[in-house]
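Just so you know, all these numbers are worked out from the coordinates, no wet-lab data involved. The model shown is predicted, which means the values in this text are computed figures rather than measured ones. Here the Cβ positions follow ideal geometry from the backbone for every residue, glycine too, while neighbour counts run over all protein chains shown.
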Amino acid sequence: MHTTQVTEGIYRLSANAQDMLFEGIWPIPNGVSMNSYIVKGEKIAIIDGVCGWDGVPETLYAQFDSMGLDINDIDYVIVNHLEPDHSGWLETFKTMRSEFQIITSEKGKPLLEAFYGITENIRTVKTGDSVDLGDGRVLAFAEIPNVHWPETMATFDTKSGTLFPCDAFGSFGKIGDAPYDDQLTDEDLAFFEKEAVRYYSNIVAAFCLPVQKAIQAVESLPVKIIAPGHGLVWRKNPKKIIDDYKRYASYSKGPAKAEVTFIWGSMYGNTQQGVEPVIKALEEEGVKVHVHQVPESPLGDILASIWNSTGVVLGMPTYEYKMFPPMYMVLDELGKKRVLNRKAFRFGSYGWSGGAQKELETLNAHLKMHWDFLEPHEFKGRPTDTDIDILVDRARQLARDVKEMVANAPALD
Ligand code: FEO
C-alpha cells in the first residue's frame, strides 16, 4: 500500500484488513480499507488513523516514511471517531511524540481516556468550530452523532472542499492502487456499491435517522471531494455516494428494490420441500431472489440481501412450540437493525403442535418491525401437493405486491 495525493496538500494513507471479523462479528469476504489523511498547511494534521486490527500501526508509520513525513512534524491529530479501527494507533503514537494536540468532540474526550488513558493536550470542538493550519487551510468541524457512535464528527477542509466524514459514506472492499472513483470502471464501481450495501447494512443500519441528518448537514457544505474512513475517495462524483447513502437510509423503512430475500431452515427436510417451488414462483414473477439457509448463512450476508429487498419469505418449522431457533436469532437482529415494513410470507412444517407463527407475530410486534404478512401456511409433517400449490400461489402474490410497492414508492428528495 502506498500513499497517494487526494488533492493539493492532502494525502491518503491506508491499509487493508481481511481474514477477520469486523467488530468481531461481521465477515468481510472482500476485506476492508482503513483510511487516514494527512492535511498540510503551514502546520500538519492527521485525520483519523490506520492500524492493523491488533492495534499495531506499523503500516501507518511506514507510510509516513514513504512520503518523507517525520512523526515530529505532526501538529494536530484529529479524531473524528473513537472506534478503535480509527483510533487504535494513538496509544503507541503518544509514546513516540508528546508535542501534539488532539482535536475531537466533547463526547470523544472521555473515550480517549477510557480506551487509551489520554487526558492531556485535547481540544474539544463542536459544530462551527475550526482550526487554521495556515497557508489558507482551515479545517471546520461538524458533529454527526451516531454515524456511527455518539461522539462522531466530520472534518471539512474549506480550501479544497474535501469532507472527511469517517464512517459515513464508507464501504467494505479492500482497495489496491486505485482508491479514487475517477480511476475506476463501471464494473469496479458496481463492486464497491455491493460492498457499500454490505457495510451500511452491517455497521450503520441501526442509525438511519442520524445518517439522514448527517446528509442534510453535508449538503449545506460546498463539498467537492468525499474522503471517508473506509473505502473509495469520491472526487469525480461525490454526489453518487451521497445519493447512494440517501437510498440506503430510505431502505430501512422501505420499500427497497423489487427483490425478495428468502430465509429458510429445516430440521428433517419437510419445510425444505417448499423451498425450490417458492424460488421458482418468485423468479417467474420477475423478482430477484436472495436465498439464505439458516443457520448456515452468515448474518452479515442476510442483512446485505434484505437491506435491498422489499419482500421477505421465511421458511421454518416449529421447534419446541416456538420458531426454529436460528431463525429467531436472525429476525431478532433484523429488527434491531431496523429492517422495517417488509412485505412477508411465512410457511413451515410442524409435528404435534404449531407455535412458530405465534412467536413470529410477537417478535414482529415487540421490535416494531411492521412487516406485513400474507396469510401464513403451515403443514403437519411433510407438505402435500395441495400445500405446495398454496405456497406457490402465496409466493406469486408476494412478488406482485413487491413490484407494486416499488412502482408506487415516492421519489427521494
Ligand atoms: Fe470504522 Fe465505527 O468505525
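Data for the structure
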quantity	calculated
Listed residues 310, 261, 185, most fluctuating in the chain (Gaussian network, C-alpha, under 10 Å)	185
Among 173, 264, 222 the positive-end extreme of the charge dipole of region 132-282 (Cβ point charges)	264
Estimated inter-spin distance, residue 92 and residue 404, nm [label 7 Å along Cα→Cβ]	6.0 nm
Mean-position separation - Cα centroids, region 287-331 and region 387-411, in angstrom	18 Å
Length released on extending from residue 138 to residue 284, taking residue separation times 0.36 nm less the Cα-Cα span	46.9 nm
Measure of compaction for region 4-251 (Cα Rg per 2.2 N^0.38 Å)	0.92
Total formal charge among the other residues, if their Cβ is under 14 angstrom from that of residue 134, Lys/Arg +1 and Asp/Glu -1	-2
Over region 107-180: Kirkwood hydrodynamic radius from C-alpha pairwise inverse distances, Å	14.2 Å
Positive-end residue of 140, 386, 281, charge dipole of the chain with Cβ unit charges	386
Length gained when the stretch residue 190-residue 158 is fully extended (0.36 nm per residue, less Cα-Cα span)	8.5 nm
Rg/Rg_ref, region 257-404, where Rg_ref = 2.2 N^0.38 Å and atoms are Cα	0.93
Shape category assigned to region 314-354 from the gyration tensor of Cα positions, a/c cut at 1.5	oblate
Scattering profile of region 55-96 at q = 0.21 Å⁻¹ [log10 I(q)/I(0), Debye over alpha-carbon scatterers]	-0.73
When region 209-250 is reduced to its Cα atoms, the Kirkwood hydrodynamic radius in Å	10.7 Å
Cα-centre dipole for the chain with unit charges at Cβ (Lys and Arg positive, Asp and Glu negative), debye to 20	1000 debye
Two-site FRET efficiency, residue 99 against residue 370, from Cβ-Cβ distance with R₀ of 41 Å, rounded to 0.05	0.15
Listed residue pairs exceeding 20 Å between alpha carbons, taken from 126/236; 43/159; 194/239; 257/358; 213/239	126/236; 257/358
For a label point 7 Å along the Cα-to-beta-carbon line of residue 352, residues of region 275-319 with backbone N under 16 Å	318-319
Student exercise, region 353-412 dipole from Lys, Arg, Asp, Glu Cβ charges, in Debye to nearest 20	160 debye
Ratio of Rg to Rh over region 137-274 (Cα coordinates, Kirkwood Rh, two decimals)	1.08
By average C-beta atoms within 10 angstrom, highest first, the peptides 111-121, 86-96	86-96, 111-121
Loop-resident sites, region 303-378, for trypsin sites (Lys or Arg not before Pro), counting at most 10 other Cβ within 10 Å (DSSP)	368
Theoretical FRET efficiency, 1/(1+(r/R0)^6), r = Cβ-Cβ of residue 413 and residue 2, R0 60 Å, to 0.05	0.90
Dimensions in Å of region 1-117 - Rg and Dmax from alpha carbons	14.0, 42
